[in-house]
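These notes are about the structure you will find just below.
Every number in this text was worked out from the coordinates using simple rules, so none of it is lab data. Just so it is clear, the model here is predicted, and its values are computed rather than measured. Positions of Cβ are backbone-derived with ideal geometry, glycine not excepted, and every protein chain shown enters the neighbour counts.
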Amino acid sequence: MGENLKGRKEIPRLLAELEKIRKDMVGLDSRVKLDELGGRRLSATNLLHYVALRRLDIRKIQEELAGMGISSLGRSESHVLYNLDAVITILHSLNGTPVPLHPEGSGVTPAEGERLIEKNADSLFGTEKDGRAVRIMVTMPTAAATEFPLVRDLVAAGMDCMRINCAHDDREAWSSMIRNLRTAEVEVGRKCSVLMDIGGPKIRTGELSPGPQVLRIRPRRDSFGRVVSPARAVLKGSKGRSSPDDGQAVVQVEDAWLSKLEAGRKVKLKDARGAKRSMVVVARSPGSAIVESRKTIYLDNRTRLSSKLGGKTHWTKVENIPHREQSISLKRGNHLVVTADRTPGRPAVGGQAARISCTLPEALPYVKVGHAIWFDDGKIGGIVRQASGQELRVEITQAGSEGAELFSDKGINLPDSDLRLPSLTTKDKEDLRFIVKHADIVGYSFVRKPEDIKLLRSELKRLRKGAMAIVLKIETRKAFDELPSLLLEALRAPVSGVMIARGDLAVECGYERLAEVQEEILWMCEAAHLPAIWATQVLEGLTKGGLPSRAEVTDAAMGGRAECVMLNKGPHMVEALRALDNILRRMQEHQLKKTSLMRPLSIAGRFYEELDDSATVTSVRR
């Protein structure tokens, strides 16, 4: 009772503080121009109210309100002013004072906020959901262009949106992927939208000098060095299959020699090191043979193979061994030169630092001494020690305890650098011509400021597709810092959404900040009533290796607070899609955004059943 009286005495102070917060909210939306928003003006206003609220530290107020049994404003993203006014009304009622009238009203109601988010998600992805509230987007591998069963199985398993990354493959492959999708839609009987990402000004490592033309095939061994499975290779003639199965090496040999080869025969050779080796033919098919060996073998274009065919020893030469992919070995303390020169890079040699070019040399003048630089999704990191505009000399500060290998075509992140580069490249503009004719949504990579969105919308209008849906990929620190302004500009588009690109965000903002960054983006999107896509490495272990980790399952469940979850490509993507569908269906019974839903729990029911059974047994015994 004493605590209750004390709480009542604090009501006038709380009311004064909440009225001041309300004044700040309404004041902010009067300072920002919200023209050309039409029906989305309510969402823009609610976003501004949320920004005004989250500028303040209201944790003490929340604690006091919760102690009085009143809403603590912690679940008000979609209806900020309405929730605040509801709390103010309750406090006035407890205080016995009249509720002041506000001419601007209380904004969006909880039901309207939920309806707006659902309506915008339907506009972006389509209305077909099969009883699952959260959509699933899947990134297409190159195989989706030629393997119709893969696409059909993805649609049947619950794919709601096909994602095609324009940074990979080409228009012919994209067209085939979409044709396969449209055929699958008819066969399966469900719709699926298409999102195509433009590549944007993504900076990647350039080419490296080719390595030696040598091919290594080796058996798999256990911890004691014992052979668990033999080394395997495919011997292929000119008309044999051009791609290996299960990662097997492919070795081209002469057709005449191969045609005489039979299953069970031995193939002998001296490998590229001069070591005597033999392989056994375990399978034959037209134009190819599969061979096995229990020892490691190195092959080059000088290697000759022999086999006794028809009582005679016949020879063939190995042909067209490709250059091995070169890499640069880096450890902490090493130096690496990143250059605008397109000459293929090389490892460190003769006391000279390793060198590698970048695919966007116009970014280098914006990089200053002391700036951080990251490679390959944060696997390798460094600090710029010298910068000339044409070259960066980088001291490696992060490369794992054993060092790391840097390959070509790996991403470069420059989180400290203000890269004043056009958000649409020449290639992006060419790709947009294809996208507007074939896709439902355009994904906007590396958006950094509101002007970038204006540029994209202007380009879409020029292509007579001004109403096309757009998704902003939030993947840089700059984009995160500008998020409220980006969302306000996105609301000017007829249909829009946000992708939380957590891989690049982790590198740009720091892994230790990723958890709070992804939460903040979810909250801001909900305040703007814009659908969010939870992306990057969802069920990655299952998709790539066939088995998820416990952490991945929890992460996938957390993704259920977004309107869409994205899966990446991998050998087990159909299996991962089915698992994700199952997880999301289960979690939607328990969670809606930040609100826990109180559906009946089976464990609670079983507890009551056990009590009833126990009482029955006791009654019988008596």
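The listed peptides 394-403, 290-299, ordered by packing as a protection proxy, come out as 290-299, 394-403 (highest mean of other Cβ atoms within 10 Å first). Among the trypsin sites (Lys or Arg not before Pro) in region 138-176, none sits in a DSSP loop with a Cβ that has at most 11 other Cβ atoms within 10 Å.
In order along region 286-303, phi translates into HN-Hα couplings of x, x, 7, 8, 9, 10, 10, 8, 9, 10, 6, 10, 10, 10, 9, 6, 9, 5 Hz, rounded to whole numbers, per the Karplus curve 6.51 cos²θ - 1.76 cosθ + 1.60 with θ = phi - 60° and x for Gly and Pro. Summing Lys, Arg as +1 and Asp, Glu as -1, what charge do residues with Cβ under 13 Å from the Cβ of H335 carry, H335 excluded? Surrounding charge for H335 is +3.
Cross-link partners of K379 among lysines, defined as those whose alpha carbon lies under 18 angstrom from its own and excluding same-chain residues fewer than eight positions apart: K202, K331, K410. Taking amide H atoms as placed 1.01 Å from N in the peptide plane, the amide H of V538 lies under 5 Å from those of N568, each 5 or more residues away in sequence or on another chain. The loop-placed trypsin sites (Lys or Arg not before Pro) in region 54-89, going by DSSP, that have at most 14 neighbouring Cβ atoms within 10 Å of their Cβ come out as R55. Helix 80-95 and the long axis of the chain differ in direction by around 30°, with both axes built from C-alpha atoms. Return one number: the angle in degrees, 0 to 90 and rounded to the nearest 10, between the long axis of the Cα atoms of helix 450-462 and the longest principal axis of the Cα atoms of the chain. Between the helix axis and the principal axis of the chain, the angle is about 70 degrees. Couplings 3J(HN,Hα) for region 13-24, derived from phi with the Karplus relation 6.51 cos²θ - 1.76 cosθ + 1.60 (θ = phi - 60°), are 5, 4, 4, 5, 5, 5, 5, 5, 4, 4, 4, 4 Hz, where x marks Gly and Pro. Each of the peptides 94-103, 536-545 was scored by the mean count of other Cβ atoms within 10 Å over its residues; in descending order, highest first, they stand as 536-545, 94-103. Using the average count of surrounding beta-carbon atoms within 10 Å as a protection proxy, the listed peptides 366-372, 570-576, 495-501 rank, highest first, as 495-501, 570-576, 366-372.
My understanding is that a pair violates if its Cα-Cα distance is over 22 Å; which of K260/K295; K191/K569; K33/K449; K20/K449 do that in this structure? Going by Cα-Cα distance, K260/K295; K20/K449 fall outside the 22 Å limit. Ordered from longest to shortest, the equivalent ellipsoid semi-axes for region 2-108 are 27, 14, 11 Å, each the square root of 5 times a Cα gyration tensor eigenvalue. Near G560, once Lys and Arg are set to +1 and Asp and Glu to -1 for all other residues with Cβ below 12 Å from its Cβ, the sum equals +3. Specify the angular offset, from 0 to 90 degrees and rounded to the nearest 10, of the alpha carbon long axis of helix 110-125 from the longest principal axis of the alpha carbons in the chain. That works out to roughly 30 degrees.
Centroid-to-centroid, using Cα positions, region 359-389 and region 304-338 are 33 Å apart. Please grab the % of Cα pairs in the chain that end up more than 43 Å from each other. The answer is 38 percent, as a whole percent.
Extension gain for F224 to T127 (0.36 nm times residue separation, less C-alpha to C-alpha distance): 29.3 nm.
Over all distinct Cα-Cα pairs of region 305-449, the Kirkwood formula returns a hydrodynamic radius of 18.3 Å. Taking other residues whose beta carbon is less than 9 angstrom from the beta carbon of R277, and scoring Lys, Arg as +1 and Asp, Glu as -1, yields +3. Annotation: amide H-H contacts under 5 Å for V282 (H modelled 1.01 Å from N, sequence separation of 5 or more, or interchain): G264, I290, V291, E292. Between R304 and E451, the modelled labels are 6.8 nm apart [label points 7 Å from Cα along Cα→Cβ]. On a straight-distance basis, which lysines could pair with K461 in a cross-link, Cα separation under 19 angstrom, same-chain partners fewer than 8 positions away excluded? Excluding near neighbours in sequence, the set is K427, K429, K437. Around the Cα centre of the chain, unit charges on the Cβ atoms of Lys, Arg, Asp and Glu (plus for the first two, minus for the last two) sum to a dipole of about 2780 debye.
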